[in-house]
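Peer 1: Quick one: this structure, given as structure tokens, is what I'll be asking you about.
The values are calculated or read from the model by the stated rules, or taken from the named source; none is laboratory data. In this text, all values refer to a predicted model and were calculated from it rather than measured experimentally. We place every Cβ from the backbone using ideal geometry, glycine too, and count neighbours over all the protein chains shown.
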Amino acid sequence: MTAGGAIATLGTGVEPLWAALVAGRSGLAPVTQFDPSRYAARQAAEVRDVPADPLGEVGERAHRLALAAAGEAVLGIDGAFTGERAAIVAGTTLGGNLAYTGWLDGAGDGSHASLAAVTNLLAARLGVRGPTRTVSVACASGTAAIGLGAQLIERGEADVVLAGGYDALSEFVFAGFDSLRALSVSTVRPFDARRDGLGLGEGAAFLLLEEAEHAARRGARPLALVSGYASSSDAHHMTRPSPSGDGLVRALTAALARAGAAPEDVGFVSAHGTGTTFNDRMEAAAFRRVFGERTGEIPVNSIKSGLGHTLGAAGALEALMTVLVLDRGLVPPTPLTETLDPACTLDVVRGSARPVAGLRLAVSTSSAFAGTNAALVLEKA
Amino acid sequence: MAVAGTALVSSPDGEAPGLDLHRLRRMDRYGRIGFLSGHLALVSSGVPVPAAPDPRAGLVLGTTFGCRDSITGHAALTAGSGELSPGLFAQTVHNTVNGELAIQWRLGGVSEAIVSGPTAGLEAILLAARRVEEGEADLVVAGGAEGWNDAMRRAVAARQPEEAGAMLVLVPARGAGAVRIAGGTSFFEPDERAVARRVDAWLAGRAARVVAARPELYAASGPAAAIGLVDALRAGEVVSGAVVARDPEGPVAVLLLEV
């Protein structure tokens, strides 16, 4: 991975976002895009100023977020991201949904409502003629996109891949999570004993993945290596994760095997960390099963109390954050989390960012509706 | 790897042995078609349901529109003033079929839903085949599914969509005479003449029969054509064949099958 691009509530661009994460800021605030008075929850992590499409063709909010992040990721590559050896993999939970539901309500003509709209648009604009793919596995979409993108390089199908995820906040999503009683009505604080749910957000992140020699030829410095990826199913319930963490254990174990790594090699975990009791306890159980006695010694964080749960963007934003943790040796804290749930015996980084010396390997995990899990293994370059 | 089972359905209201009707009823048209075709493909392959989730069994599904039937319903409830349905909202993710089939068949391994458009079903089969080929899985159900409601049909009125679910069960190579996936490729190419040139170059004469996927079946089109080709290969009509799916927007996928 040689470059990235990102946008979320706390910043537009990788560096502003990283600075905000290291500072432990939270972007959760009262919702402004629609009137939330009908719902129990009232907060979300909105992007206040979503950039316009530079070509003025795309109005869909989710797609504009994606174009902003993708544009930053390929900014410095100067013509090396084009042709039959270039590929794109994008992940989204509900991309194009605002265009589609708007069309249902008689607003707009439904153009750009396709789930593959962003991938196709980017490929057409950038002259990409290699494989293009859009993946949608709910909240694990961003993680899956990066994993599938890396596999295109591993298998020799591409030399350079733009991979990431995106999604926009909408009343559609807010209403759904509120009906599930999954949204926090107080403070979003993953793994905290007083947590009461998640806060939704929106954003996008894309990573530029390159075959090593391709990167070397153009003098690009690798920030981290994508060493392993796997997905799994809980095969348990459509919205509740398996309490034992079985499904996540399968994804994490398979990703580590794919990377040729052992659980003992892992020095940092970027958790899905939504802030719901079901999710947090499932993850803690899964990490205990994979990492054993070392579980309490491995720094873990969740940035969802900072950026909100950005659905298809979440895994990509968290993977990007993990890359920067490996590159800079600093773990951003989990905003707003104070006193840990005794059922979550993890070393959750809280309060302030923590330096980590000698970090070589990290994992980033996502767990989604329909019981889909995805895990990435990232390695210091 | 070999094709151990196939199923092609064109209605969400079918029946099948071992079907959990309660599970089926809570799904939308896409979900029911995807679930039915996956279930029937697994039944036809003769594999048993394991006692616990199998980490080496999974599902890769392709769809163009996914659960927009459920999305249409949840959007109407959100726009109205009545009660919202958490059960309906849970069905608005495009990996619904993955989750439901995984629960019924205890598929604990790979789970991906590809939504690239009309090529998504063939892409799903390619991804699944590589998982089996590389030894990551012993069984992967793969294919495409599309279900339509009236609103969705209006949105693509000019293209006369048809409902379909087409699934294949892929397993490690079996003995002589088995139909196997010999390879595949995908790329983005909006220029139709360049598509023909690139497909021909990739096939390099390896396919005795080349079938173009039917566009009106969207992501189910490639897998449906692949099933037709599997039948022809099993009947000894040809020894090799390829399916080509193309989205006019640019994506192209090619699947090569042989005995």
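Peer 1: Among the residues of the stretch B:102-129, write down those that are facing chain A (nearest Cβ under 7 Å) and either out of contact with any strand residue (DSSP E or B) (no Cβ under 9 Å at 6 or more places or on another chain) or surrounded by fewer than 23 Cβ atoms within 10 Å (Cβ to Cβ) (or both).
Peer 2: Across the stretch B:102-129, the qualifying residues are B:Ile103, B:Arg106.
Peer 1: On the basis of being acidic (Asp, Glu), buried (at least 23 other Cβ atoms within 10 Å of the Cβ) and farther than 25 Å from A:Val58 by Cβ, does A:Asp167 make the cut?
Peer 2: no
Peer 1: Follow-up question, since we're still on this one. Report whether or not A:Ala144 is surrounded by fewer than 24 Cβ atoms within 10 Å (Cβ to Cβ), touching a residue at least 24 places away in the same chain (Cβ under 8 Å) and either touching a Ser or Thr at 6+ places or on another chain (Cβ under 7 Å) or more than 30 Å from B:Arg130 (Cα to Cα) (or both).
Peer 2: no
Peer 1: On to the next question. Among (1) among the small types (Gly, Ala, Ser); (2) assigned to a helix (DSSP H, G or I); (3) surrounded by fewer than 24 Cβ atoms within 10 Å (Cβ to Cβ), there is one condition A:Gly358 misses while meeting the rest; what is its number?
Peer 2: (2)
Peer 1: Failed condition for B:Arg56, given (1) farther than 20 Å from B:Gly222 by Cα; (2) of a type outside the set (A, V, I, L, M); (3) facing another protein chain (nearest Cβ under 8 Å), with all others met?
Peer 2: Tallying (1) farther than 20 Å from B:Gly222 by Cα; (2) of a type outside the set (A, V, I, L, M); (3) facing another protein chain (nearest Cβ under 8 Å), B:Arg56 fails exactly one: (3).
Peer 1: Next up: Checking the condition within 19 Å of the chain's Cα centre (by Cα) and either under 24 Å from B:Glu123 (Cβ atoms) or more than 7 Å from every other protein chain (Cβ to nearest Cβ) (or both), which residue from B:Gly80, B:Gly66 passes? Walk me through it before giving the result.
Peer 2: Values: B:Gly80 fails: within 19 Å of the chain's Cα centre (by Cα).
The conditions single out B:Gly66.
Peer 1: Can you list the strands (runs of 3 or more DSSP E) lying wholly within the stretch B:193-259 that have 1 or more residues being within 14 Å of another protein chain (Cβ to nearest Cβ)?
Peer 2: Passing ranges, in order: B:240-246, B:251-258.
Peer 1: Oh, and also: Can you find a residue that is under 22 Å from A:Arg133 (Cα atoms), over 19 Å from the mean Cα position of the chain (by Cα) and surrounded by fewer than 24 Cβ atoms within 10 Å (Cβ to Cβ) anywhere in the stretch B:171-178?
Peer 2: Looking through the stretch B:171-178, none of the residues is under 22 Å from A:Arg133 (Cα atoms), over 19 Å from the mean Cα position of the chain (by Cα) and surrounded by fewer than 24 Cβ atoms within 10 Å (Cβ to Cβ).
Peer 1: Taking the stretch A:271-296, which residues are in a helix (DSSP H, G or I) and hydroxyl-bearing (Ser, Thr, Tyr)?
Peer 2: Those that are in a helix (DSSP H, G or I) and hydroxyl-bearing (Ser, Thr, Tyr): A:Thr277, A:Thr295.
Peer 1: Check A:Arg240 against each of (1) over 26 Å from A:Glu202 (Cα atoms); (2) within 14 Å of chain B (Cβ to nearest Cβ); (3) surrounded by fewer than 22 Cβ atoms within 10 Å (Cβ to Cβ); (4) basic (Lys, Arg) and name the one condition it does not meet.
Peer 2: Unmet condition: (1).
Peer 1: Of all residues in the stretch A:25-42, which are within 21 Å of the chain's Cα centre (by Cα) and buried (at least 21 other Cβ atoms within 10 Å of the Cβ)?
Peer 2: Residues satisfying the conditions are A:Ser26, A:Gly27, A:Leu28.
Peer 1: Could you check how many residues of the stretch A:338-377 are within 16 Å of A:His272 (Cα to Cα), of a type in the set (Gly, Ala, Ser) and more than 14 Å from chain B (Cβ to nearest Cβ)?
Peer 2: So the count comes out to 2.
Peer 1: Another question, then. Kindly provide the set of residues from the stretch A:232-258 that are of a type in the set (A, V, I, L, M) and under 20 Å from the mean Cα position of the chain (by Cα), ordered by number.
Peer 2: A:Leu248, A:Val249, A:Ala251, A:Leu252, A:Ala254, A:Ala255, A:Leu256
Peer 1: Which ones in the stretch A:140-189 are acidic (Asp, Glu) and more than 30 Å from B:Gly82 (Cα to Cα)?
Peer 2: Residues satisfying the conditions are A:Glu154, A:Glu157, A:Asp159.
Peer 1: For A:Val89, which of the numbered conditions (1) within 29 Å of B:Val252 (Cα to Cα); (2) touching a Leu at 6+ places or on another chain (Cβ under 6 Å); (3) surrounded by fewer than 24 Cβ atoms within 10 Å (Cβ to Cβ) fails to hold?
Peer 2: (3)
Peer 1: Look through A:Ala235, A:Ala224 and report the one residue that is at pLDDT 95 or above and within 11 Å of another protein chain (Cβ to nearest Cβ).
Peer 2: A:Ala235
Peer 1: Turning to a different aspect of this structure: Quick one: which residue in B:Val254, B:Val259, B:Val239 is crowded, with 24+ Cβ neighbours inside 10 Å and under 12 Å from B:Ala182 (Cα atoms)?
Peer 2: Every option except B:Val254 fails the conditions.
Peer 1: Would you tally the residues in the stretch A:167-194 being more than 9 Å from every other protein chain (Cβ to nearest Cβ) and either modelled with pLDDT under 95 or more than 26 Å from A:Gly91 (Cβ to Cβ) (or both)?
Peer 2: 7
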